Amino acid sequence: MTDKRISLKFLQPRLSNCLFTFIILSLPIIPERIPLVTGGYESVRYIPMFLLYAYLQMGDYYLFILMVGFLLLVFFVVSLIIAVILKFSKKIQGGNHGGAKSSRTIESK
């Protein structure tokens, strides 16, 4: 019987994962349409980091926990995308790390 375990090493907090997650969470990506009394709509976009702070300050813990879940989801997706990009970039390089020449390369003078 073989032991098949899923490796979650890509979820380790690295500088790239944390930086991209912070950048995404600093963008106004959560929309809200507010109906006006005159019959129109006003469209507003919120920054997730601001909402996280606002929900904690207001004591609305249900929405705060939802925002923490959203934060974790964004971190997971960003980490997964970075892991896939790194895996494919290593495949493209063909295992030739550091730019070293292959042993089969013949230098001619």
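Of everything in segment 68-90, what is among the small types (Gly, Ala, Ser) and either more than 16 Å from CYS18 (Cβ to Cβ) or at pLDDT below 90 (or both)? Give them in sequence order.
Across segment 68-90, the qualifying residues are GLY69, ALA83, SER89.
Please determine whether any residue of segment 51-67 is modelled with pLDDT under 85, loosely packed, with under 10 Cβ neighbours inside 10 Å and at negative phi.
No, segment 51-67 contains no residue that is modelled with pLDDT under 85, loosely packed, with under 10 Cβ neighbours inside 10 Å and at negative phi.
For the list (1) at pLDDT below 90; (2) in contact with a Ser or Thr (Cβ under 7 Å, 6 or more places away or on another chain), I need the number of the one condition that PRO31 fails.
The single condition PRO31 does not satisfy is (1).
(1) touching a strand residue (DSSP E or B) at 6+ places or on another chain (Cβ under 6 Å); (2) assigned to a loop (DSSP other than H, G, I, E, B); (3) of a type outside the set (Asp, Glu): which one isn't true of GLY39, the others all being true?
(1)
Where residues in segment 14-36 are surrounded by 10 or more Cβ atoms within 10 Å (Cβ to Cβ) and assigned to a loop (DSSP other than H, G, I, E, B), which of them is farthest from the chain's Cα centre (by Cα)?
Top of the filtered list is PRO28.
The values are calculated or read from the model by the stated rules, or taken from the named source; none is laboratory data. Computed from a predicted structure; not experimentally measured. Neighbour counts run over all protein chains shown; Cβ positions are idealised from the backbone, glycine included.
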